[in-house]
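The values are calculated or read from the model by the stated rules, or taken from the named source; none is laboratory data. Since we're looking at a predicted model, the values are computed, not measured. All Cβ positions, glycine included, derive from the backbone under ideal geometry; neighbour counts span all protein chains shown. With ligands, DNA and RNA removed, areas are computed over all heavy atoms of the protein, side chains included. Shrake-Rupley method; radii C 1.70, N 1.55, O 1.52, S 1.80 Å.
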Amino acid sequence: MSDHETIVIIGAGVIGLSTALCLQQHLSPTQSVILVARDFPSDTSVNYASPWAGAHYRPVPGSSPQALREAGQAQRTYEFMKRVAADEPGAGVSFIQGVEHLEAPPVDYLDAQSVRNVYDHLDGFRHLASEEVPDGVKWGVQYGTYVVNSPVYCAHMLRKFVLKGGETRQYTLANIKEAFSLAPNVRTVVNCSGVGFDDPKSMIIRGQTCLVRNPVSATITRQNEDGSWSFCIPRPLDGGTVIGGTKEIDNWDPNPSLETRARLLANATKWFPFTTDSGGKFDVIRDIVGRRPAREGGMRIEVENLGDGKRVVHAYGAGGRGFELSRGVAEDTAALMLENGILQEKAAL
């Protein structure tokens, strides 16, 4: 079957898995997909960021081209997650209330148009009046958002991919060109590797959070007067609550810091809605450290022709917004491949 073509997708994080499912909707009868990755949803590695993620959707206002591109991807992902939450209860996605309380709102939060660009599509979005927010809060909003039990959601997507005929291979690639040798007749490799391969614009952002048993019914984000941020994210399907968090660019320390944990919990103690039986204390399950695969200037989504009829479709560098952008990025990647004749138009995205 020399005319059979295999497409190789690198990376089984939330972007790679979302892209794999999206591409499966457009395969011709002579095409198949192999997902190759160093880490899969059953693995735990500090370099495999997706299972460590919060994860929730909190819009980020901004007017740069990158901010506006991400806003569009995030909006499409929001609509997609609504369908997942309604139709696939085992996926680990739930819609709940999102609350934000900012004591020192950055300039983009004070620009009405920037806020409208990213918040207007949210169900029940409204600004909170001064009597509805705690003392010291200058900017408050609430809206309907989603939270994700990230390990459950990644495993759910992987199961769907395999059920639809996708193949997986656990393998650590030394070079992206190696991917062309993983099956006969590979002409297209989709690079969802997170940090890319030797991209000088790529970097990691270390995140440390704390998983606790304390229940909460909303995702709450609090910004303190000194500019530091604090949040809680309940994980659906009895996954506990994530208290966070840090963003440390180029910090490669894999070990959780007890000092950081103490600071995160102390910050959150000031506003967390504890139940009466908790005694106002957090019941810690574990510390979480992950490396968010970021890229200066935002995600790279483009086709690179290598010659000899081979090309790499890049889709990496989402940083801390992998879950929030995942479906939008997968659709944009599929659209790029349709434009370039790599996939055939078969079904509506």
- Query: Of everything in region 75-101 that's part of a helix (DSSP H, G or I), open to solvent by 10 Å² or more (accessible area, probe 1.4 Å) and in contact with a Ser or Thr (Cβ under 9 Å, 6 or more places away or on another chain), which residue is farthest from residue 113 (Cα to Cα)?
  - Reply: 85
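Considering only region 298-321, I want to know if a residue exists there that is in a loop (DSSP other than H, G, I, E, B) and farther than 19 Å from residue 76 by Cα.
For region 298-321, residues in a loop (DSSP other than H, G, I, E, B) and farther than 19 Å from residue 76 by Cα: present.
The rows are residues; the columns are (1) in a loop (DSSP other than H, G, I, E, B); (2) closer than 22 Å to residue 330 by Cα; (3) in contact with a strand residue (DSSP E or B) (Cβ under 7 Å, 6 or more places away or on another chain); (4) without any contact (Cβ under 8 Å) to a residue 12 or more places away in the chain.
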position: 18; (1), (2), (3), (4): no, yes, no, no
position: 33; (1), (2), (3), (4): no, yes, yes, no
position: 48; (1), (2), (3), (4): yes, yes, no, no
position: 68; (1), (2), (3), (4): no, yes, no, no
position: 73; (1), (2), (3), (4): no, yes, no, no
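I need the full set of residues from region 123-147 which are touching a Gly at 6+ places or on another chain (Cβ under 6 Å) and among the aliphatic types (A, V, I, L, M), in order please. Break it down stepwise before answering.
Start the filter on region 123-147 by keeping residues that are touching a Gly at 6+ places or on another chain (Cβ under 6 Å), which leaves 123-124, 128, 133, 143-145.
Across region 123-147, the qualifying residues are 128, 133.
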- Boolean, residue 160 is over 24 Å from residue 243 (Cα atoms) and either at pLDDT 95 or above or over 18 Å from the mean Cα position of the chain (by Cα) (or both): yes
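Each row is one residue, and each column tells you yes or no for (1) at pLDDT 95 or above; (2) open to solvent by 40 Å² or more (accessible area, probe 1.4 Å).
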position: 266; (1), (2): yes, yes
position: 280; (1), (2): yes, no
position: 290; (1), (2): no, no
position: 312; (1), (2): yes, no
position: 317; (1), (2): yes, no
position: 329; (1), (2): yes, no
position: 336; (1), (2): yes, no
position: 340; (1), (2): no, yes
- Within region 162-179, identify whether any single residue is surrounded by fewer than 18 Cβ atoms within 10 Å (Cβ to Cβ) and within 29 Å of residue 103 (Cβ to Cβ), and answer yes or no. no
- Message: Let me spell it out: the conditions are (1) open to solvent by 20 Å² or more (accessible area, probe 1.4 Å); (2) under 20 Å from residue 298 (Cα atoms); (3) of a type in the set (A, V, I, L, M, F, W, C), and residue 125 meets all of them except one. Which number is the exception?
- Response: (2)
- Taking region 179-212 and keeping only residues that are more than 27 Å from residue 168 (Cβ to Cβ) and in contact (Cβ under 8 Å) with a residue 60 or more places away in the chain, one is left with 201, 203, 205, 206, 208, 209, 210, 211, 212
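Quick check on this structure: which one of 242, 216 is at pLDDT 95 or above, open to solvent by less than 40 Å² (accessible area, probe 1.4 Å), of a type outside the set (D, E, K, R) and more than 20 Å from residue 13 (Cα to Cα)?
216
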- Identify all residues within region 171-201 that are in contact with an Asp or Glu (Cβ under 8 Å, 6 or more places away or on another chain) and not in a loop (DSSP other than H, G, I, E, B); write none if there are none. 186, 187, 188
- Item | Residues (farther than 16 Å from residue 65 by Cα and assigned to a helix (DSSP H, G or I)) located in region 102-115 | 107, 109, 110, 112
- Among the listed residues 41, 106, 134, 65, which satisfies the condition of being out of contact with any Leu (no Cβ under 9 Å at 6 or more places or on another chain) and within 30 Å of residue 253 (Cβ to Cβ)? 106
- Can you tell which of 233, 243 is in a strand (DSSP E or B) and either out of contact with any helix residue (DSSP H, G or I) (no Cβ under 6 Å at 6 or more places or on another chain) or more than 30 Å from residue 102 (Cβ to Cβ) (or both)? 233
- Has region 93-101 got any residue that is closer than 17 Å to residue 156 by Cα, modelled with pLDDT of 95 or more and in contact with a helix residue (DSSP H, G or I) (Cβ under 9 Å, 6 or more places away or on another chain)? yes
- Message: Just to check your reading of the model, which residue among 41, 59 is within 30 Å of residue 105 (Cβ to Cβ) and surrounded by 19 or more Cβ atoms within 10 Å (Cβ to Cβ)?
- Response: 59
- Message: Testing residue 158 on (1) touching a strand residue (DSSP E or B) at 6+ places or on another chain (Cβ under 6 Å); (2) surrounded by 19 or more Cβ atoms within 10 Å (Cβ to Cβ); (3) of a type outside the set (Ser, Thr, Tyr), one condition comes back false. Which one is that?
- Response: (1)
